[in-house]
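Trainee: The structure follows.
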Number of protein chains: 2
Amino acid sequence: MNLSKNLFRFALLVVLFLSQLPSHAEDGYRLWQRYDLLQNKDLLKQYRKSLGEVVVQGTSPTLTVVKDELEMGLSGLLGSKVTVSDQASKKGGLVVGTPTTSPLIKDLGLDQRLKDIGQEGFLLLSQKHKGNAYTVIAANSEKGVLYGTFHLLRLLQTQQSLEALNVTSSPKTKLRILNHWDNLDRTVERGYAGFSIWDWHKLPDYIDQRYLDYARANASIGINGTVLTNVNANSLVLTPEYLAKVKALADAFRPYGIKVYLTARFSSPIEIGKLKTADPLDPAVRAWWKSKVDEIYTYIPDFGGFTVKANSEGQPGPQNYKRSHADGANMLAEVLAPKGGIVMWRAFVYDNNVPDDRHKQAYTEFKPLDGTFQGNVLVQVKNGAIDFQPREPFHPLFGAMPKTPLMMEFQITQEYLGQGTHLAYLAPMFKETLAADTYAKGKGSTAGKIVDGSLDNHPISGMAGVSNIGNDRNWTSHPFGQANWYAFGRLAWDHELTSEGIAEEWIKMTFSNAPSQVAPIKQMMMGSREAVVNYMTPMGLHHLMGWSHHYGPGPWIKDKPRADWTSVYYHRADEKGIGFDRTKTGSNALSQYAPEVQAMWGNPATCPEEVLLWFHHVAWDAKTKSGRTLWDELCYRYSGGVDSVRAMQKTWNSLAGQVDKERYEQVKQYLDIQEKDARWWRDACLLYFQTFSKRPIPQELEKPQGTLEEYMKIEPKFAPGI
Amino acid sequence: MNLSKNLFRFALLVVLFLSQLPSHAEDGYRLWQRYDLLQNKDLLKQYRKSLGEVVVQGTSPTLTVVKDELEMGLSGLLGSKVTVSDQASKKGGLVVGTPTTSPLIKDLGLDQRLKDIGQEGFLLLSQKHKGNAYTVIAANSEKGVLYGTFHLLRLLQTQQSLEALNVTSSPKTKLRILNHWDNLDRTVERGYAGFSIWDWHKLPDYIDQRYLDYARANASIGINGTVLTNVNANSLVLTPEYLAKVKALADAFRPYGIKVYLTARFSSPIEIGKLKTADPLDPAVRAWWKSKVDEIYTYIPDFGGFTVKANSEGQPGPQNYKRSHADGANMLAEVLAPKGGIVMWRAFVYDNNVPDDRHKQAYTEFKPLDGTFQGNVLVQVKNGAIDFQPREPFHPLFGAMPKTPLMMEFQITQEYLGQGTHLAYLAPMFKETLAADTYAKGKGSTAGKIVDGSLDNHPISGMAGVSNIGNDRNWTSHPFGQANWYAFGRLAWDHELTSEGIAEEWIKMTFSNAPSQVAPIKQMMMGSREAVVNYMTPMGLHHLMGWSHHYGPGPWIKDKPRADWTSVYYHRADEKGIGFDRTKTGSNALSQYAPEVQAMWGNPATCPEEVLLWFHHVAWDAKTKSGRTLWDELCYRYSGGVDSVRAMQKTWNSLAGQVDKERYEQVKQYLDIQEKDARWWRDACLLYFQTFSKRPIPQELEKPQGTLEEYMKIEPKFAPGI
């Protein structure tokens, strides 16, 4: 016994040593699915005992994925080769399956509990059966089994006990979807992590390992759909040549429970169908779409459906033919319905004419259409009314269309939050909207309950995240960008999870379970988004970024083709003060919200300072809650943003030697960039606003380093993501 | 002892097992620098003994790289942590350094031997000293030490004995340079492995680990320079904003002995200098370049110089001002000379007017300029006279400009050899040119001797390779593309190395030392380029590819803006026969070669069939060496190309279970694509040429699957690399 213990210890040492060798550097490719040997010996012992034997009965593609993942994950985490078998030979162990595919599961008598968890849910239980102790992953579908498998692996990765397991988990939201704004030439609109991972040229013949690892990562957080193409769509993707490529991806993703969706360019009947019109009420157009959809399903029998951006930012749509969004959406929905497909029709629209307040337009156009959409249409609404700003009040459509399933659209890619180089953990931002109370049916009518369908009892529900994934080695450019992908998936599964809890899981899986790493990294993450808000757009300011590339400050942007593409349109700074009056005395966008919300936000005294300048034009000398004037408070917030980044730098530096060298250096360099950029934002914005406020920056704060003229001249070339 | 032996065996097993774990998949990122535990126990024992202690004295950046590489490499290969020290504590071991930085090396009495190896050479010796056995890496410079270090690691990786080492190695060619045709927007002209690894947007603040690994890989094969930007240049790279970025890369590469070069757009004085002209004899223009070069050296004190593509394919150049290439090159050379910089002036030029034969133009323009270039100008000549075709006879300029250092330009990226998906090992192609006899100074005047400067006694010499590197995980798309990068570097160091030897080294480092893998993989590689020639452009045919994207066949291409951008211009197929008459009865391009070469190639009877149709228009029914008519022989060659690919497939399939799963699947998929593409080429070309030959494809050969019309309709969209 002693010998084998020694051997084991020695082997452990070797393994530990090898895991440190830089020949396998931590390049971030493995995301949160790092299955390295666990360091906690007591838990290892427990895990080895509970998982002594692993039985998965069945041979379907999804069950094969389950087996492979268990073998890879458990072998790595437990440090000894784990082989999954299809028959229980010993007594006890891990048993995985559905009652249909696995006699062992069937035998456990879980029918009643399985009834309540739906088609995607799973049970993860410690269960005695005929005197033996089992760990059980059971579900009604193989997809549920897959999700349960990843949950178990997560428990191990985060070093949680497997004793007395009693987990019941079902997704709150049915469609949990990534939106890739990926173009067919592999550029990615608002992509900051390299280029598109879809290598269209090599498809359908070449299936990159990356596609499978993408699917694994998504399945591990419950994502069950992916829209492959940019909402600014190219109809070419609907031609046979490209459908063969789409099919290859769909085939690769299917075992992982991920459905493929495409963006449908509304004018496709003209562009690739040789019709003269795309009028949704034209019989030839309708016939073309029917035939096109039929064709798609010959390639992809479980094709998910379409995402459509219509009549927005120059995209064609039904309004080109004086038809409504509902006319357009329903035309597609009608042909998709018999196939089980859906339409996700985006509410991010605005007129070619500049409205009095862009904030109001989606509501104005869509609310009257409530109740007119087919059953398989979801209206996809951005979290806020403008465009993914670091902070926006929730979109007024949430709560305004009870008869229509509203899908949430979050932006995971950090278009306005530092792009590929700033650390900004977005779960708190996502949660802010999901937890926001619309008062649609009285107190407690949160956006989350609207999105998950529970408030209005919709059979379908969905959440979309605009992907931050690119072909960078680590997928997301900034290593902490991975956390936003992770958090999106986890919140789409259950929007009541906490930001802290998600961060903690992610840190443990991605970096380490060591409290000396978890605590400081969590602290950095939790404050990071507010830091960005402060150094970019504090107190409800918004849309102050540079022209087109959206990288860096541009509060001076004016005189562009559309007023609502400028910064001055939004901040409205003048000699008296700053902010967009959206109350009755202004655009009255506030009227689009429930009376309770109006009451809170409409009064500067009760309006949270976080959104004050979103709704009010406030005098420079107005007193704020700190006792400072608005101008001084703005100066303090901008400076505070920079200070927060410096605090993050300090925290990260304290992790030197703890975090692996490659990622340590990477994050360190990015934090240096973030600190520089934060100063750039602070100085450029304050110097610019000072031309209106005519007030000094408080003596005690750091002074701007450059002049306004210098900042206005900065023009990044070849910025990514355009 | 028994216990420790058991322990060791057990540890080995664990290590072996872990090295198989897919959590560290073989994604190809490590290239040939895989430092995994060696499997040969006897050698391991010998290595551990010889390298028991490792001493590197000195602390410079390059010696730090040497230490890090030795620690990483030896720890991985030997399976136990190796720490480099700066003092010899035990007796014997590995000693590394220069006599200047290392008293230990100085003490070994190598002065005489070091005298002969120059500034970049190294000695690798087994040497007794004061009764102790040493393995010695010694050189005159730290760069030499670096190269010796990589050589030692290569010996270990290829499992060669370290006993009685007596290696003396110096590079034959002085400038060993990669040319990146990378644009500032990260697209890569003729790049098929993703996008540019230069992330200009994040520079200078973010130094990607990839830059360092790029430098390590290049240093390991002796590459000592890199031209960062496309020859179709953007003058923006010469502005201060971008020079700061270039400096950051130069700083990162310097410890690895790699100098940075840029492409200079000839019209930069107009575009970024606000001058009205770029006339090289205009004093203001000359002053502008002087000041620009001075500025560059303030950023990069060891800046290498410029590569220039002028008056070619629409690029501006001295001829725009009725000046000669020498006027242009010398203007730049003059301001670079005091700084130690050089000019690499490309000979790939052609008039805006279509010449009688594009083959002749570079010679026509450049030969008269021989002797007029400044001493720090190299004229960079492509291996052949047209454009990187699968096979070209050597460029007539080799041997024609004895007073000018001619630099070889090879294309590593497979623009015309299957791009990112075909297996084509290019060392045999490179060697074919390097070994070609120009007869410039009688028999034995090989292109290699001209390029390395030995034939004409030039103090500078150079070889450039157009890079196939992109931001794909494995750098080169096809795993075997790595072999071409490797082979280029090795041949730039020593063009007398054999293709087989280089292949063998590369296979052992990249895949395995197991003979059961080395032999079949080598067999595949050695035949691969000839296979491509056969299924694309056999018997001297050339320039038959599709329009613009150059992917797939397009022998029917005609009626384009320039005749010499079409295929019909080159193959000249008609009812009588096929081929470009370049003898006296035709364009007489042959007259540009030495009489001995003319005699051989000018007579169809003595002209090797490999280049027959390059020089002769041959009748369809002419007899070939096989006894078949030309038409039948063409059919046989095209078919043989397809058969060769099928043989590669078979060989590769036999390696299932031996090669790691990820790369096995990857290559397998690529071979499937190659087989499909080979058929596409064969069928499209034969059907097209058949419209002239009016002869049947021999009965015994596979028939085309599609019709010519179908093949002519194929139009790849968004093909990469344009």
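The values are calculated or read from the model by the stated rules, or taken from the named source; none is laboratory data. Not measured: the values here are computed from a predicted model. Cβ placement follows ideal geometry from the backbone for every residue including glycine, while neighbour counts extend to all protein chains displayed. What goes into the accessible areas is simple: the full protein's heavy atoms, side chains included, and nothing from ligands, DNA or RNA. Shrake-Rupley method; radii C 1.70, N 1.55, O 1.52, S 1.80 Å.
Trainee: Please find, within region A:16-25, the residue that is nearest to A:GLN482 (Cα to Cα) out of those that are open to solvent by 20 Å² or more (accessible area, probe 1.4 Å) and either modelled with pLDDT of 95 or more or assigned to a helix (DSSP H, G or I) (or both).
Mentor: Among residues in region A:16-25 that are open to solvent by 20 Å² or more (accessible area, probe 1.4 Å) and either modelled with pLDDT of 95 or more or assigned to a helix (DSSP H, G or I) (or both), the one nearest to A:GLN482 (Cα to Cα) is A:HIS24.
Trainee: Please identify the pairs in which a residue from region B:392-405 that is aliphatic (A, V, I, L, M) has its Cβ atom under 6 Å from the Cβ atom of a residue that is assigned to a loop (DSSP other than H, G, I, E, B) and open to solvent by 10 Å² or more (accessible area, probe 1.4 Å), counting only partners at least 6 apart or on another chain.
Mentor: Close Cβ pairs (under 6 Å, with a partner that is assigned to a loop (DSSP other than H, G, I, E, B) and open to solvent by 10 Å² or more (accessible area, probe 1.4 Å)) amount to B:MET401/B:ASP370.
Trainee: Quick check, is A:SER587 modelled with pLDDT under 95, out of contact with any strand residue (DSSP E or B) (no Cβ under 7 Å at 6 or more places or on another chain) and either open to solvent by 60 Å² or more (accessible area, probe 1.4 Å) or in a loop (DSSP other than H, G, I, E, B) (or both)?
Mentor: Taking the combined requirement at face value, the residue does not satisfy it.
Trainee: Pairs only if they're at least six apart or on different chains, beta carbon under 9 angstrom, first in region B:114-127 and acidic (Asp, Glu), second in a strand (DSSP E or B); list them, first residue then second.
Mentor: Partner pairs satisfying both residue conditions: B:ASP116/B:THR168.
Trainee: Of (1) open to solvent by 30 Å² or more (accessible area, probe 1.4 Å); (2) out of contact with any strand residue (DSSP E or B) (no Cβ under 7 Å at 6 or more places or on another chain); (3) not hydroxyl-bearing (Ser, Thr, Tyr); (4) not in a helix (DSSP H, G or I), A:ALA573 satisfies all except one. Which?
Mentor: (1)
Trainee: Taking region A:560-599 as the region of interest, how many residues are hydrophobic (A, V, I, L, M, F, W, C) and under 29 Å from the mean Cα position of the chain (by Cα)?
Mentor: Total meeting the criteria: 6.
Trainee: Now a separate question. Which of the residues belonging to region B:621-666 are surrounded by fewer than 22 Cβ atoms within 10 Å (Cβ to Cβ), assigned to a helix (DSSP H, G or I) and within 14 Å of another protein chain (Cβ to nearest Cβ)?
Mentor: Across region B:621-666, the qualifying residues are B:GLN649, B:LYS661, B:GLU662, B:ARG663, B:TYR664, B:GLU665.
Trainee: Only one of B:PHE692, B:PHE718 is more than 10 Å from chain A (Cβ to nearest Cβ) and open to solvent by 10 Å² or more (accessible area, probe 1.4 Å). Can you tell me which? Spell out how you get there, then give the answer.
Mentor: Numbers: B:PHE718 fails: more than 10 Å from chain A (Cβ to nearest Cβ).
The conditions single out B:PHE692.
Trainee: Also, I was wondering about something else. Need the failing condition index for B:THR421 against (1) within 18 Å of the chain's Cα centre (by Cα); (2) open to solvent by 10 Å² or more (accessible area, probe 1.4 Å), just the number.
Mentor: The single condition B:THR421 does not satisfy is (2).
Matching residues to (1) at pLDDT 95 or above; (2) more than 9 Å from every other protein chain (Cβ to nearest Cβ); (3) closer than 30 Å to A:LEU51 by Cα:
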| position | (1), (2), (3) |
| --- | --- |
| A:SER170 | yes, yes, yes |
| A:ARG176 | yes, yes, no |
| A:HIS180 | yes, yes, no |
| A:LEU184 | yes, no, no |
| A:ALA193 | yes, yes, no |
| A:GLN209 | yes, no, yes |
| A:ALA219 | yes, yes, yes |
| A:ASN224 | yes, yes, yes |
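Trainee: Any idea how many residues of region A:208-230 are of a type outside the set (Ser, Thr, Tyr), under 22 Å from A:THR263 (Cβ atoms) and either part of a loop (DSSP other than H, G, I, E, B) or without any contact (Cβ under 8 Å) to a residue 24 or more places away in the chain (or both)?
Mentor: 5
Trainee: Conditions: (1) touching an Asp or Glu at 6+ places or on another chain (Cβ under 8 Å); (2) assigned to a loop (DSSP other than H, G, I, E, B); (3) not polar (S, T, N, Q). A:LEU243 meets all but one. Number of the miss?
Mentor: Exception for A:LEU243: condition (2).
Trainee: Modelled with pLDDT of 95 or more, in the same structural domain as A:ARG190 (by TED's automatic domain parsing), more than 15 Å from A:TRP198 (Cα to Cα) and crowded, with 19+ Cβ neighbours inside 10 Å - does that describe any residue in region A:239-254?
Mentor: no
Trainee: Which condition from (1) touching a residue at least 24 places away in the same chain (Cβ under 8 Å); (2) loosely packed, with under 15 Cβ neighbours inside 10 Å; (3) farther than 20 Å from A:SER85 by Cα is the one that A:ASN132 breaks?
Mentor: Of everything listed in (1) touching a residue at least 24 places away in the same chain (Cβ under 8 Å); (2) loosely packed, with under 15 Cβ neighbours inside 10 Å; (3) farther than 20 Å from A:SER85 by Cα, A:ASN132 misses just condition (3).
Trainee: Could you please find all residues in region B:262-321 being of a type in the set (Asp, Glu) and over 21 Å from B:ALA244 (Cα atoms)?
Mentor: Step one: of region B:262-321, the residues of a type in the set (Asp, Glu) are B:271, B:279, B:282, B:294-295, B:302, B:313.
The answer is B:ASP279, B:ASP282, B:GLU313.
Trainee: Among A:ALA400, A:ALA487, which is assigned to a loop (DSSP other than H, G, I, E, B) and among the hydrophobic types (A, V, I, L, M, F, W, C)? If you could, list the steps in order and put the result at the bottom.
Mentor: Values: A:ALA487 fails: assigned to a loop (DSSP other than H, G, I, E, B).
The match here is A:ALA400.
Trainee: Can you tell me how many residues in region A:507-516 are assigned to a helix (DSSP H, G or I) and crowded, with 18+ Cβ neighbours inside 10 Å?
Mentor: Counting residues in region A:507-516 that are assigned to a helix (DSSP H, G or I) and crowded, with 18+ Cβ neighbours inside 10 Å gives 4.
Trainee: Here's a follow-up. From B:LEU612, B:LEU687, which residue is in a helix (DSSP H, G or I), over 32 Å from the mean Cα position of the chain (by Cα) and more than 14 Å from chain A (Cβ to nearest Cβ)?
Mentor: B:LEU687
Trainee: I'd like to know if region B:101-110 contains one or more residues that are open to solvent by 60 Å² or more (accessible area, probe 1.4 Å) and in contact with a strand residue (DSSP E or B) (Cβ under 8 Å, 6 or more places away or on another chain).
Mentor: Yes, region B:101-110 contains at least one residue that is open to solvent by 60 Å² or more (accessible area, probe 1.4 Å) and in contact with a strand residue (DSSP E or B) (Cβ under 8 Å, 6 or more places away or on another chain).
Trainee: Report, by residue number, each residue of region A:483-506 that is among the polar types (S, T, N, Q) and either surrounded by fewer than 24 Cβ atoms within 10 Å (Cβ to Cβ) or within 14 Å of chain B (Cβ to nearest Cβ) (or both). Give the steps one after another, and end with the answer.
Mentor: We begin by selecting, within region A:483-506, every residue among the polar types (S, T, N, Q); these are A:484, A:498-499.
Hits for region A:483-506 are A:THR498, A:SER499.
Trainee: Determine whether A:GLU271 is touching a residue at least 60 places away in the same chain (Cβ under 8 Å) and surrounded by fewer than 19 Cβ atoms within 10 Å (Cβ to Cβ).
Mentor: no
Trainee: Among the residues of region B:349-357, are any closer than 26 Å to B:HIS571 by Cα and not in a loop (DSSP other than H, G, I, E, B)?
Mentor: Here is the first cut: in region B:349-357, the ones closer than 26 Å to B:HIS571 by Cα are B:349-357.
Narrowing the set further to residues that are not in a loop (DSSP other than H, G, I, E, B) leaves none.
No, region B:349-357 has no match at all.
Trainee: Next question. Only residues in region A:25-42 that are of a type in the set (A, V, I, L, M) count as the first member; pair them with residues that are assigned to a loop (DSSP other than H, G, I, E, B), Cβ under 7 angstrom, at least 6 apart or cross-chain, and list the lot.
Mentor: A:LEU31/A:TRP475; A:LEU37/A:GLY79; A:LEU38/A:GLN159
Results for (1) hydrophobic (A, V, I, L, M, F, W, C); (2) touching a residue at least 12 places away in the same chain (Cβ under 8 Å); (3) open to solvent by 10 Å² or more (accessible area, probe 1.4 Å), shown as yes or no for each residue.
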| position | (1), (2), (3) |
| --- | --- |
| B:GLN315 | no, yes, yes |
| B:GLN319 | no, no, yes |
| B:ARG323 | no, yes, yes |
| B:GLU334 | no, yes, yes |
| B:ALA337 | yes, yes, yes |
| B:VAL343 | yes, yes, no |
| B:TYR350 | no, yes, no |
| B:GLN380 | no, yes, no |
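Trainee: A follow-up question, please. Being open to solvent by less than 10 Å² (accessible area, probe 1.4 Å) and within 19 Å of B:ASP472 (Cβ to Cβ) is the filter here, so list the residues in region B:198-209 that pass it.
Mentor: Listed by number, the residues that qualify are B:TRP198, B:TRP200.
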